[in-house]
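Quick one: structure below, then a few questions.
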Amino acid sequence: MDIVLLGPPGSGKGTQGALLADRIGIPRVSTGDLLRSAVSRGTALGRRAQSCMDQGLLVPDDVIIGLIEEVLGLAEAANGVMMDGFPRTLAQAEAVDRALEAQGRRVDHVLNIDVPDRELFRRLSGRAREQGRSDDTPEAIRKRLAVYGEQTAPLVQYYGDRGVLREVRGTGNIDTIAARIAAVLGI
Ligand code: AMP
């Protein structure tokens with residue numbers, strides 16, 4: 001099963017994605033985690049990505065599309081993937097479609113986790129204090145939320161038109177949200 005997690009930064013995609021991936025038995029792939037690891041190792045990918053990430057901007061599509069093609073082609077991904085943090089643009093969504101289609105697969109479900117902006121800002125500011133992520137400064141948080149609205153929110157329509165979009169309310173505790181997700185997926 002191939003699942004895309006949509007939802008703005010702070011919506012709980014990472015947490016819910018990990019729980020759901022475990023439950024279904026597919027790997028969770030997070031482009032954010034892959035990029036942070038590349039930055040900390042100082043690889044060429046990390047050097048290209050870092051300044052965009054620190055400013056709360058998206059890393060350019062050509063870089064991310066290469067990464068998407070690589071991860072969706074891995075043997076571990078052959079039975080499905082939980083896509084966390086990608087696709088984030090229409091060009092990336094088309095790249096995901098192409099990579100899956102080449103293997104006779106398609107995106108089965110897209111979970112759109114909905115959380116009000118004020119709550120997102122509160123959660124992200126809390127995470128900044130706990131984890132010290134360099135893109136959790138107030139300025140970068142505002143930028144990331146704006147970028148989500150401009151570049152990623154259009155994917156709601158893209159997947160909605162295809163009938164694979166599942167809306168989930170992302171407020172409440174972790175177990176409640178996980179139960180809502182299981183219910184919309186019928187698992
Ligand atoms: P995340 O952990 O998913 O919130 O990602 C952290 C940062 O990594 C984002 O603010 C972007 O700068 C970058 N990033 C992660 N995934 C993508 C993607 N699919 N496209 C572009 N940039 C990304």
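Could you tell me what percent of the accessible area of the stretch 31-168 is made up of carbon and sulfur, with a 1.4 Å probe and every protein chain present?
Exposed carbon and sulfur together represent 49 percent of the surface.
With the cut-off at 20 Å, report for the stretch 3-185 the share of all Cα pairs above it, as a whole percent.
Percentage above 20 Å: 53.
Taking 0.36 nm per residue of sequence separation and subtracting the Cα-Cα distance, how much length would be gained by fully extending the chain between E101 and R169, in nm to one decimal?
21.5 nm
Per DSSP helix of 4 or more residues, -39500 (n - 2.57); summed, then divided by the residues of the chain. What does that give at 222 nm, rounded to the nearest 500?
-17500 deg cm²/dmol
Sticking with this structure for a sec: Can you give the charge dipole size of the chain about its Cα centre, rounded to the nearest 20 debye, using +1 on the beta carbon of Lys and Arg and -1 on the beta carbon of Asp and Glu?
Working: 24 positive and 25 negative charges, 103 e Å.
Roughly 500 debye, rounded to the nearest 20.
Taking only protein heavy atoms into account and a 1.4 Å probe, give the accessible area per residue of the stretch 3-185 in Å².
49 Å²
The values are calculated or read from the model by the stated rules, or taken from the named source; none is laboratory data. The shown structure was predicted, so the numbers you read here are calculated from the model rather than taken from an experiment. All Cβ positions, glycine included, derive from the backbone under ideal geometry; neighbour counts span all protein chains shown. SASA here: full protein model, heavy atoms, side chains in, ligands and nucleic acids out. Shrake-Rupley method; radii C 1.70, N 1.55, O 1.52, S 1.80 Å.
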